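Heads up: the structure comes next, in structure tokens.
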Amino acid sequence: MSTSSSSSNNGDSDAGGSGGVFEAPSPSRPRRGANDVWPEPFLESLAVQVAVNASSSSGLLAAAPALANVFRVCTTWQAVSRSDHLWQLLSRQVWARTHLMHDTWRDEFIYRHRTARNFRTRTHTYFTLQFDPSDVDEPDSLSCRCLTLSDLYLAAGFADGTVRLFLLNNRLHVRTLRPPLRDRFGRFSRAVSGIVISDSRLTFATMDGDIHVAEIDGVGHTRTAYAGDIVNDGALVDFTGCGRWWVGLFAGVPGRAFHIWDCNSEETTFVGGSLTDPEAVMGWHTLTELTTSLGRLRISGNETAVACTRWRIMVIDLRNQGVIIGEDEEQRRGLIVTGFDANEEAYVRMDSRGNASVRRVNTLQTVCEFRVSGAAQRRVMGCVNRLNALMCAGGIMRVWEVERGEYLYSVRERVGEVDAIVADDRHVAVASSSSTAQSIIHLWDFGAL
């Protein structure tokens, strides 16, 4: 394992340390007696509204300084800052955090603020993850096809249907999952299309349409929750999910692009859609040969899915079973599918000349634009978290912020030809090709140090 770290400073104050934005008011500061009679629930609501307004107008990192101004008004207002209920509300409203990962919600909020600052200032630690490759017997078995992050784990899906699970806190390979044996319909029919990690369960799908479920704690074997029908559905080119739904994007049979399953009952609830109809022929080629990515599928918000192909982006409502919320077409230049990704509120799309834009999922309104140089000549692979878009081209990963499209920096470590990339608010993971045909898995940790 190799490690390194890098950092830079943009002059902003620390979000939670000594002398930072949560510092108590000065005893010499004038106090107004009228403030002492304001009820605590009102002050909590006021603090939340101030933080939300600041993050909406000036970016998420502006929430903490705005709160500091509220808490400095007087001792009564400063006392509200000790309410853990307030920090729980702030963590949910500003950072979309509903699960406590630290001792208190105040600690949670401060940690998320610091981690977001680390992303902006290029403060991180870097590792390469190790696993034993001796348990494979096919050349394609060590080629990583997709990556998924959760708060605790990184899961990597490989071309032979294997999923390798890594613990993020120590970066150790802790488990290998394999699908039950089944006849193949081509060299890559067992390749992993997508992985979903929820609570204690890991779900992954393969290109032949099978969906497999395993308990992360290692109890029991991997079981097949759904047996795909590749002849009637085509190839499953991408797969994702959320708390209630699994969603698959298929290519090969017209009129059957989207499949939706209830992940509790494991029953199919919807089949339809024409998004991948132009890629129907190429869909069959993905089972037997390496091709360009035909489509990407992402969850945005709780129950909305966003899918991208070369010519079109489609937003669908999962609650209303595939109802189309919006469509975004690029018929002139076409889109780079591997440059597409989505977060909770927006998606990033890129045309064939490297012109990228961030657009809101619910309205398709453009938030900002930026340009990825060299996209027309080199393969681009990208992803997005709440605050940043990361684009890899020519072995270099560059970072933009997605609120105004400002270019921030290029990551120091070079990664080679990228096969898969994923990011959340703390980690970035990249799988890249090597001369030995074994994918190298790179991990950057921007967590508050």
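The values are calculated or read from the model by the stated rules, or taken from the named source; none is laboratory data. Since this is a predicted model, take the numbers as computed values, not measurements. In this analysis, Cβ positions are derived from the backbone assuming ideal geometry, glycine residues included, and neighbour counts consider all displayed protein chains. The accessibility values were calculated without ligands, DNA or RNA, using every heavy atom of the protein model including side chains. Shrake-Rupley method; radii C 1.70, N 1.55, O 1.52, S 1.80 Å.
Accessible area per residue for the range 316-388 in Å², computed with a 1.4 Å probe and the full protein assembly in place, what is it? Walk me through the intermediate numbers first.
On the way: 3320 Å² over 73 residues.
Computed with neighbouring chains in place, this is 46 Å² per residue.
Compute the long axis of helix 40-58 from its Cα atoms, compare it with the longest principal axis of the Cα atoms of the chain, and write down the angle in degrees, 0 to 90, nearest 10.
60 degrees
Using the Karplus curve 6.51 cos²θ - 1.76 cosθ + 1.60 with θ = phi - 60°, work out ³J(HN,Hα) for each residue of the range 290-301 in order, rounded to whole Hz, and write x for Gly and Pro.
Each residue's phi maps through the Karplus curve to give 6, 10, 5, 5, 8, x, 10, 9, 9, 8, 10, x Hz.
Based on alpha-carbon positions alone, could you give the equivalent ellipsoid semi-axes of the chain from the gyration tensor, as √(5λ), descending, whole Å?
Working: eigenvalues 323, 107, 98 Å².
Over the Cα atoms of the chain, the semi-axes work out to 40, 23, 22 Å.
Counting only protein heavy atoms and using a 1.4 Å probe, what share of the accessible area of the range 211-283 belongs to carbon plus sulfur, as a whole percent?
Working: 1410 of 2770 Å².
So the carbon and sulfur contribution to the accessible surface is 51 percent.
What is the helix-to-structure angle for 105-121, meaning the angle in degrees between its Cα long axis and the longest Cα principal axis of the chain, kept from 0 to 90 and rounded to the nearest 10?
Long axis of 105-121 versus the principal axis of the chain: about 70 degrees.
For the chain, what does the helix formula give at 222 nm: sum of -39500 (n - 2.57) over DSSP H segments with n ≥ 4, over the residue count, nearest 500 deg cm²/dmol? Intermediate results must be reported in sequence, preceding the final value.
Values: 7 runs with 73 residues, N = 449.
The per-residue figure over the chain is -5000 deg cm²/dmol.
Calculate the length of the line joining the C-alpha centroid of the range 287-339 to that of the range 58-125, in whole Å.
Here the two parts' Cα centres lie 34 Å apart.
Along the charge dipole of the range 231-371, Cβ charges K/R +1 and D/E -1, which of GLY295, VAL358, GLY241 sits furthest on the positive end?
It is VAL358, whose Cα lies furthest towards the positive end.
Put ARG171, ARG371, ARG379 in order of accessible area, largest first, 1.4 Å probe: what do you get? Show your work: numbers first, answer last.
On the way: ARG171 50, ARG371 135, ARG379 115 Å².
Per-residue accessible area, sorted high to low, gives ARG371, ARG379, ARG171.
Ignoring ligands, DNA and RNA, what percent of the accessible area of the range 382-449 is carbon or sulfur (1.4 Å)? Can you show the working numbers first?
Values: 1110 of 2230 Å².
Carbon and sulfur together cover 50 percent of it.
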